[in-house]
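*Asks:* One structure follows; several queries about it will come next.
Just so you know, all these numbers are worked out from the coordinates, no wet-lab data involved. As the structure is a prediction and not an experimental result, all values here were calculated from the model. Note: ideal-geometry Cβ built from the backbone for every residue, glycine included; neighbour counts use all protein chains shown.
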Amino acid sequence: MEQVCPFCSREARRVVGANALALAMRDAYPLSPGHTLIVPRRHIASAADATADEFAAIWSLLGEARTAIDRELGPDGFNIGINDGRAAGQTVMHLHVHLIPRYCGDSPDPRGGVRWVLPEKARYWD
């Protein structure tokens, strides 16, 4: 049985921005208030499959989404990341960029940020 891609069958209520080649939508399982995904309209699994125009559209929309989140929620920072491939933790095989607002106090020690995908190697400052 073929599964339906949740980004191709997107719920209109989650879409918060769009351009010709990409969409911005709130994450269905947000890590923090305002957690947004930027996805190309074309169904591709990997960043390696995106065209230069798609990358430009994705990053443009990411900037717009970040500005909107800043205005609406006033976070103190952001994590921006892509899980590319199953070994990297990708569970939906449609390219998507996570824009995760961060707030002072949401983690006891946020140093290292995305390095925590491999916790045993994240803490390089000791």
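*Asks:* How far apart, in nm, are the 7 Å Cα→Cβ label points at ARG42 and ARG10?
*Replies:* With each label point 7 Å from Cα toward Cβ, the separation is 1.6 nm.
*Asks:* Need the full-extension length gain, ILE82 to ARG111, defined as separation in residues times 0.36 nm minus the C-alpha distance. One decimal, nm. If you can, show how the numbers build up before the last one.
*Replies:* On the way: separation 29, 0.36 × 29 = 10.44 nm, distance 1.89 nm.
Gain on stretching ILE82 to ARG111: 8.5 nm.
*Asks:* A follow-up question, please. Remind me, relative contact order of the chain in percent, using alpha carbon pairs under 8 angstrom and six or more residues apart? Write down the numbers at each step before the final one.
*Replies:* Working: 176 pairs, mean separation 31.7, N = 126.
Reported relative contact order: 25 percent.
*Asks:* Also: Where does the longest stretch of the chain lie that holds no chymotrypsin sites (Phe, Trp or Tyr not before Pro) found in a DSSP loop with 13 or fewer other Cβ atoms within 10 Å?
*Replies:* Working: sites that count: TYR124, TRP125.
Longest stretch, sites excluded: 1-123.
*Asks:* Suppose we flag GluC sites (Glu not before Pro) only when DSSP calls them loop and at most 15 other Cβ atoms lie within 10 Å. Which is the longest uninterrupted stretch of the chain? Before the final figure, lay out the partial values.
*Replies:* On the way: sites that count: GLU2, GLU11.
Answer from the scan: 12-126.
*Asks:* According to a simple spin-label model (label point 7 Å from Cα along Cα-to-Cβ), what is the distance in nm between LYS121 and ALA56?
*Replies:* Placing both labels 7 Å along Cα→Cβ, they lie 3.5 nm apart.
*Asks:* Working only with C-alpha atoms, what are the Rg and Dmax values of the chain, expressed in angstrom?
*Replies:* Both quantities, over Cα of the chain: 15.2, 49 Å.
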